[in-house]
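Here the structure comes first, spelled out in structure tokens, and everything after it is commentary.
The values are calculated or read from the model by the stated rules, or taken from the named source; none is laboratory data. This one's a predicted model, so the numbers in the text were calculated from it and none came from an experiment. All Cβ positions, even for glycine, are placed from backbone atoms using ideal geometry, and neighbour counts span all protein chains on display. The area values use the complete protein model at the heavy-atom level, side chains included, leaving out ligands, DNA and RNA. Shrake-Rupley method; radii C 1.70, N 1.55, O 1.52, S 1.80 Å.
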Amino acid sequence: MKINLLDFQSEKSSELARKTLTAQRILREDIDQHQAVVLASPTGSGKTVMMIAALEAMFEGDEEREGNPDATFLWICDSPELNEQTKQKFLECSSVFTSGRLVTIDNAFDKRSLEPGRIYFINTQKFSKTSNLTKPTSDIRRYSIWQTISNTIIERGKNFVLILDEAHKGLLAGSSTERREAQTIPQKFLFGEVGKSPAVPLVMGISATPKRFNDILEQSERTAHRVLVDAGIVRRSGLLKHRLLIHNPASRNKHADDTVLREALRHHLAMKTAWQRYCDDKNEPLVRPLLVIQVEDGNEDLFSKTDLDAIIKTVFEVMPKIDPSAIAHCFQEESPVKANGIKIRKVEPSKLQAGDGMFPAEIVLFKTALTTGWDCPRAETMVSYRTAHDSTMIEQLIGRMVRAPLARSIETDDTLNSVRLYLPGFDRAAVQKIIVKLSDPGSEEQIATDAEFLDNYIQYDRREKAAAIFQAFPRLPSYKIYRSNQQPPVVRLLKLANRLSVSTKIKPSARSDIQSELIAQLKGEAQQRRATDTSFDAAIENAAQVRLQTHVFDLLSNGLGGLSNHTVQASAESIDELLQHSSRSISGDDALGQAYWKQYDNEAEAYHAKLEFSVLASTPDVRRNLNHWAASRFDTLYAENKAAIFALPAIKRREVERLAGGQDAPLETVFEFQETIEVEKGPVALSDHIFCDREQYFHPSPELNSWESRAIEDEASEGRFAGWFRNPSSGEDCIIVPYKDSNGTWHGKSPDFVLFREESDGTLKCSLLEPHDIERDNSWCIAKGFAEFAEKFEATFERIELTCERKSLLKKLDLCKPSIRKSVLAIHSNSELTNLFDLH
């Protein structure tokens with residue numbers, strides 16, 4: 001892959017490849033035991049990227065499996081737009097499936113069968129009765145597309161994989177004859193069609209909502225292997241916006257349409273400014289936010305029931321400096337559309353994200369063209385003039401708009417983690433129905449982003465009076481709890497070294513140093529085996545040879561006359577390919593194998609170093625020892641450069657931190673306050689929070705309970721109280737304290753409050769406050785985790801307090817006090833913890 005996958009994408013792509021190979025093994029035993037592999041993953045999770053990684057592993061192999069160069073793939077999409085979009089994604093992401101291996105099946109396509117080592121793209125419309133591809137053979141066409149697929153099934157068998165993208169779409173009921181026919185195409189592949197094509201033995205389905213596909217699989221009696229991606233994991237990954245905020249009038253009033261449009265335009269301008277500021281500050285490629293406006297259908301006499309002239313007039317009143325060429329349309333019409341005296345150019349949906357060679361579109365008008373077939377993360381604001389009876393269409397659109405433009409969360413301005421939808425034609429009840437449906441895991445339109453009314457959320461900026469706090473505490477200690485990382489330790493170690501030496505320049509020699517250490521480890525393994533195992537050199541000799549079998553067929557007797565075996569010396573090209581494959585299997589790229597060969601190449605023994613490396617890389621004990629060493633070396637390298645890593649901008653720091661998944665212990669990191677936060681608005685306004693609205697208040701949600709309120713009131717009453725911060729309970733932007741449960745598994749707990757106090761000399765002090773619930777089974781485990789955290793960071797915090805309400809009294813344990821900390825570290829039950837609270 002040309003790109004780095006997120007942890008969950010790497011894990012699920014590996015699972016996808018593994019289950020597909022399992023299905024192929026079953027087919028090898030019995031080709032009639034038809035199989036299906038289903039990738040069920042939320043919209044915006046990177047389904048195509050995960051599939052690309054899985055296909056690479058199946059075709060070329062990786063550290064877990066041998067490659068299959070005979071694999072043939074047919075990728076079926078619902079539209080030509082999706083075909084081109086998917087093909088472009090392969091070109092951007094895949095290092096294996098380059099342009100020569102990607103074939104779009106057009107009307108001129110005419111082959112007996114599909115060739116191995118290629119991915120063919122076709123859309124369902126190409127299978128219609130009017131398509132040239134389905135016409136019978138003639139002087140100008142030798143094979144119909146059905147014959148081509150049938151021949152491929154017969155010739156390739158288990159090695160032919162059919163991929164149904166958005167698999168559920170092919171199983172919906174249609175209205176027109178052509179549409180109904182197109183939507184039965186997936187069923188023809190699943191069940192076969194007499195006289196046209198047999199059922200495809202192995203089908204892979206990709207869908208965000210696979211219920212319909214799973215239902216039809218049960219009818220086909222296929223064995224289904226499912227790969228499920230949890231929406232929560234995607235939500236935490238940063239790939240999606242954190243929230244969708246929906247704005248609508250209190251009641252449906254046509255005269256409110258222009259007011260709502262103006263509000264959307266003002267928000268769009270604010271987003272432009274915010275993105276410009278962020279990208280300039282962080283030296284990121286500029287994100288150009290897009291405002292999409294959905295208008296109503298028309299009739300025979302009217303292009304659209306929505307007044308396009310009025311829309312364009314309002315656009316220029318709110319945005320007088322906008323270039324007319326920045327306004328485009330995605331209507332069915334190919335020519336420009338005239339509105340309010342300007343010509344609005346046509347742009348294809350698939351070109352909205354990257355631009356179409358002209359001035360990048362900033363405002364796009366459309367009717368229904370954007371419900372499918374486009375992927376445009378920069379579309380951050382939408383106005384729809386559709387009314388409530390079009391809610392299904394609105395829901396489909398939303399799924400296309402929740403992707404984060406930079407494929408990650410924004411760490412400084414939380415408003416850039418939201419997408420806004422303006423619905424002047426919907427009342428509150430209609431919007432509530434949309435929110436319920438989008439939040440329902442069983443819904444076809446369910447998204448992994450929180451959907452809420454816009455007026456339920458509020459934007460808070462840093463309180464001016466708290467400027468000294470932010471200056472005194474730019475970073476606070478925290479931890480990351482990573483569950484897993486499917487990449488082997490050697491790969492992660494090399495990536496960490498690469499980050500330190502290239503992308504961050506923290507330690508320019510890190511890459512070469514670690515590579516040298518890996519080579520030394522491998523050479524040590526070779527010397528040890530050569531000294532203790534006589535078969536090691538024999539394995540190297542065998543690797544230099546290729547065994548051939550000769551089958552003698554006696555033509556006179558029409559039978560097999562004999563079988564002989566002999567060996568030939570492997571060619572230089574084959575040995576180079578073996579070195580390349582071995583290096584990739586153990587380290588993820590070619591560099592380690594090449595470096596080993598260059599260091600130990602010996603003219604007297606041609607190819608010996610290449611073959612030695614290949615044998616080492618294929619020896620399980622060697623791989624296990626090397627990965628064990630790499631895991632330990634990762635911890636050391638990270639610790640050696642920890643201070644410089646913490647000083648990195650958040651995005652670069654998180655790139656480094658994500659490599660730590662799979663390490664034995666939580667990863668130490670830092671928490672940084674954002675410039676702006678956007679959170680749900682609670683019913684009560686409180687003062688002294690370090691983030692505030694224009695009236696200098698903060699509205700916590702959920703509302704503070706009596707226990708929490710009392711804790712804050714006590715702090716504020718003691719004098720020199722400088723402010724407080726409510727620490728988020730989850731996500732990347734919160735302080736996490738690690739702890740082990742009674743089974744030894746690591747978890748993280750977010751302390752509720754960060755408190756600030758000013759000394760008489762003006763010095764600011766910081767404390768953590770955790771109102772502690774001692775009724776939970778693991779309360780004592782959490783308390784010990786806080787004690788260990790306090791032991792490590794007591795110089796940073798004035799107090800780290802656990803509080804508990806006992807007999808109407810607020811009891812406190814300050815873990816920064818050594819005697820109390822020692823007592824907490826010695827407990828082993830909730831009852832012991834309760835006794836400690838009672839004693840203090």
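Within segment 377-434, the residues that satisfy the criterion of being among the basic types (K, R) and not in a loop (DSSP other than H, G, I, E, B) are R403, R420, R428, K433. Restricting attention to segment 599-618, and to residues there that are free of Cβ contacts under 8 Å to residues at least 24 places away in the same chain and within 16 Å of S516 (Cα to Cα), which single residue is most open to solvent (accessible area, probe 1.4 Å)? Among those that are free of Cβ contacts under 8 Å to residues at least 24 places away in the same chain and within 16 Å of S516 (Cα to Cα), it is D601. For A264, the test of being over 22 Å from the mean Cα position of the chain (by Cα), at negative phi, assigned to a helix (DSSP H, G or I) and modelled with pLDDT under 85 is failed. Looking only at residues in segment 64-95 that are under 26 Å from I154 (Cβ atoms), at pLDDT below 90 and polar (S, T, N, Q), the one that is surrounded by the most Cβ atoms within 10 Å (Cβ to Cβ) is N83. Tell me yes or no: at least one residue of segment 96-115 is surrounded by 14 or more Cβ atoms within 10 Å (Cβ to Cβ) and touching a residue at least 60 places away in the same chain (Cβ under 8 Å). No, segment 96-115 contains no residue that is surrounded by 14 or more Cβ atoms within 10 Å (Cβ to Cβ) and touching a residue at least 60 places away in the same chain (Cβ under 8 Å). Scanning segment 710-743 for residues that are open to solvent by less than 40 Å² (accessible area, probe 1.4 Å), closer than 26 Å to R236 by Cα and not aliphatic (A, V, I, L, M) turns up W724, F725, N727, D733, C734, P738, Y739, D741.
If you go through segment 791-840 and keep only what is part of a strand (DSSP E or B) and among the β-branched types (V, I, T), you end up with I800, T803. When we screen R345, R266 for residues that are out of contact with any strand residue (DSSP E or B) (no Cβ under 9 Å at 6 or more places or on another chain) and either of a type outside the set (D, E) or within 30 Å of Q674 (Cα to Cα) (or both), the only hit is R266.
Scanning segment 763-785 for residues that are open to solvent by 40 Å² or more (accessible area, probe 1.4 Å) and modelled with pLDDT under 90 turns up D773, E775, R776, D777, N778. Across segment 327-355, which residue is nearest to P289 (Cα to Cα) among those that are free of Cβ contacts under 8 Å to residues at least 60 places away in the same chain and charged (D, E, K, R)? Of everything passing the filter in segment 327-355, K351 is nearest to P289 (Cα to Cα).
Here is a yes/no grid of residues against (1) open to solvent by 40 Å² or more (accessible area, probe 1.4 Å); (2) touching a helix residue (DSSP H, G or I) at 6+ places or on another chain (Cβ under 8 Å); (3) closer than 22 Å to G399 by Cβ:
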{"position": "C279", "(1), (2), (3)": "no, no, no"}
{"position": "P285", "(1), (2), (3)": "yes, yes, no"}
{"position": "L291", "(1), (2), (3)": "no, yes, yes"}
{"position": "V295", "(1), (2), (3)": "no, yes, yes"}
{"position": "D307", "(1), (2), (3)": "yes, no, no"}
{"position": "P320", "(1), (2), (3)": "yes, no, no"}
{"position": "E334", "(1), (2), (3)": "yes, no, no"}
{"position": "K338", "(1), (2), (3)": "yes, no, no"}
{"position": "M382", "(1), (2), (3)": "no, yes, yes"}
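The test for being touching a residue at least 24 places away in the same chain (Cβ under 8 Å) and over 27 Å from the mean Cα position of the chain (by Cα) holds for A472. Screening the candidates E715, E708 for the property of being under 17 Å from E798 (Cα atoms) and not in a loop (DSSP other than H, G, I, E, B) yields one hit, E715. Exactly one residue among P700, P751 is open to solvent by less than 40 Å² (accessible area, probe 1.4 Å), modelled with pLDDT of 90 or more, more than 18 Å from A685 (Cα to Cα) and in a loop (DSSP other than H, G, I, E, B), and that residue is P751. A single entry from L592, L659 fulfils the requirement of being at pLDDT below 90 and surrounded by 20 or more Cβ atoms within 10 Å (Cβ to Cβ): L659.
Right, E788: open to solvent by 10 Å² or more (accessible area, probe 1.4 Å) and in a helix (DSSP H, G or I) or not? Taking the combined requirement at face value, the residue satisfies it.
The single condition among (1) within 29 Å of I586 (Cα to Cα); (2) surrounded by fewer than 19 Cβ atoms within 10 Å (Cβ to Cβ); (3) of a type in the set (A, V, I, L, M, F, W, C) that V622 does not meet is (2). Reported count of residues in segment 451-468, each being more than 11 Å from F691 (Cβ to Cβ) and open to solvent by less than 70 Å² (accessible area, probe 1.4 Å), is 8.
If you go through segment 504-518 and keep only what is part of a helix (DSSP H, G or I) and open to solvent by 50 Å² or more (accessible area, probe 1.4 Å), you end up with R511, S512, D513, S516, E517. If only residues of segment 233-242 that are in a helix (DSSP H, G or I) and open to solvent by 10 Å² or more (accessible area, probe 1.4 Å) are counted, the one that is farthest from I677 (Cα to Cα) is I233.
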